[in-house]
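I have placed the structure first, in the form of structure tokens, so that the comments after it can refer back to it.
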Amino acid sequence: MNTQTCKIGKIDRLWLVLLLMAGGVISAYLATSIFDATVLLSGVLCVGLIAIGRRAGYLIGLYNSLAYSVLAYNNGLFGEVYLNLLFFIPTSLIGYVLWSRHTQQDQTVAMRQLNGRQRGAIASLCILCTVGLGFLLALNPHQNTPFIDATTNVLSIVATFLMMGRYKEQWLFYILLNIVTIVMWLLRFQAGGAAGDLMVLMWLLFLLNALFGYWRWHLGVQRSKGANPSVNIEAKKCDGV
């Protein structure tokens with residue numbers, strides 16, 4: 001078990017390095033300003049830290065939410081703006097506190113999963129809220145792709161609550177969210193939107209991270225179920241992130 005824990009710690013470190021390297025290369029080629037580059041790099045670092053169960057991801061996410069809101073506003077994606085300013089910033093602070101209460105000896109959060117009934121209820125709620133919000137956003141004459149924007153908003157909110165609650169199913173929502181958001185930014189890129197190409201690639205990295213995150217949290221759930229103090233102490237020794 002100790003060997004497996006050390007191996008996971010090495011994979012975590014390697015994954016963060018690969019994400020940041022990919023983000024750096026994309027920024028160097030496509031970012032038209034230092035600000036655009038910081039949006040991508042902060043976003044990549046934020047989701048990467050969350051994928052390996054580190055609460056520091058919430059703190060990086062505070063800046064990313066503010067910066068991403070500026071890009072979304074310039075592209076007429078007002079749902080994204082409202083979501084980041086009114087939801088992600090306060091929940092980042094709350095999430096950091098909640099995760100701090102469930103952080104293990106190796107500094108990763110204890111992970112868990114939903115049951116079948118909970119999954120069904122959450123899926124139904126997402127569908128209803130997406131339709132309602134889509135019609136509401138469509139009332140704004142300057143709104144682009146209202147139902148796509150609504151979908152990303154609802155998926156983001158639900159995934160965030162699942163993340164705050166430390167449920168591995170958050171990553172299933174993030175996988176779907178990333179796919180929808182990639183389509184949304186592709187449409188903005190084709191329409192000449194600001195930093196559209198950069199955002200498409202950023203969300204592609206997020207999609208890869210969500211796939212990794214689901215695998216990593218599946219392992220984390222199994223570990224949390226069978227965790228004991230001696231394992232956590234050994235994990236701290238071999239995990240240096």
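Test Leu83 against the criterion of being in a helix (DSSP H, G or I), modelled with pLDDT of 95 or more, surrounded by 16 or more Cβ atoms within 10 Å (Cβ to Cβ) and not small (Gly, Ala, Ser), and give yes or no.
On the way: in a helix (DSSP H, G or I): yes; modelled with pLDDT of 95 or more: no; surrounded by 16 or more Cβ atoms within 10 Å (Cβ to Cβ): yes; not small (Gly, Ala, Ser): yes.
No.
Look at Ala51 and say whether it is within 17 Å of the chain's Cα centre (by Cα), hydrophobic (A, V, I, L, M, F, W, C) and within 17 Å of Leu201 (Cβ to Cβ). So Ala51 does not fit the description; no. Could you please find all residues in the stretch 1-51 being among the polar types (S, T, N, Q) and either within 26 Å of Gly193 (Cβ to Cβ) or free of Cβ contacts under 8 Å to residues at least 24 places away in the same chain (or both)? Those that are among the polar types (S, T, N, Q) and either within 26 Å of Gly193 (Cβ to Cβ) or free of Cβ contacts under 8 Å to residues at least 24 places away in the same chain (or both): Thr3, Gln4, Ser27, Thr32, Ser33, Thr38, Ser42.
Has the stretch 52-62 got at least one residue that is touching a residue at least 40 places away in the same chain (Cβ under 8 Å) and part of a helix (DSSP H, G or I)? Please lay out each step first, then the result.
Within the stretch 52-62, the first condition is being touching a residue at least 40 places away in the same chain (Cβ under 8 Å), and the residues that meet it are 52-55, 58.
Going one step further and asking which of them are part of a helix (DSSP H, G or I), we end up with 58.
Among the residues of the stretch 52-62, at least one is touching a residue at least 40 places away in the same chain (Cβ under 8 Å) and part of a helix (DSSP H, G or I), which makes the answer yes.
Taking the criterion of being within 24 Å of Gly53 (Cα to Cα), surrounded by 20 or more Cβ atoms within 10 Å (Cβ to Cβ) and of a type in the set (S, T, N, Q), no residue of the stretch 6-41 qualifies.
Yes/no matrix, rows are residues, columns are (1) over 11 Å from the mean Cα position of the chain (by Cα); (2) in a helix (DSSP H, G or I):
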position	(1), (2)
Leu139	yes, no
Asp149	yes, yes
Ser156	no, yes
Met163	no, yes
Trp185	yes, yes
Val200	yes, yes
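Of all the numbered requirements in (1) at pLDDT below 90; (2) more than 21 Å from Leu204 (Cβ to Cβ), Leu66 misses one, and that requirement is (1).
The values are calculated or read from the model by the stated rules, or taken from the named source; none is laboratory data. Keep in mind the model is a prediction, meaning the values are calculated, not measured. Counting neighbours? That spans all protein chains shown, and the Cβs are built from the backbone with ideal geometry, glycine included.
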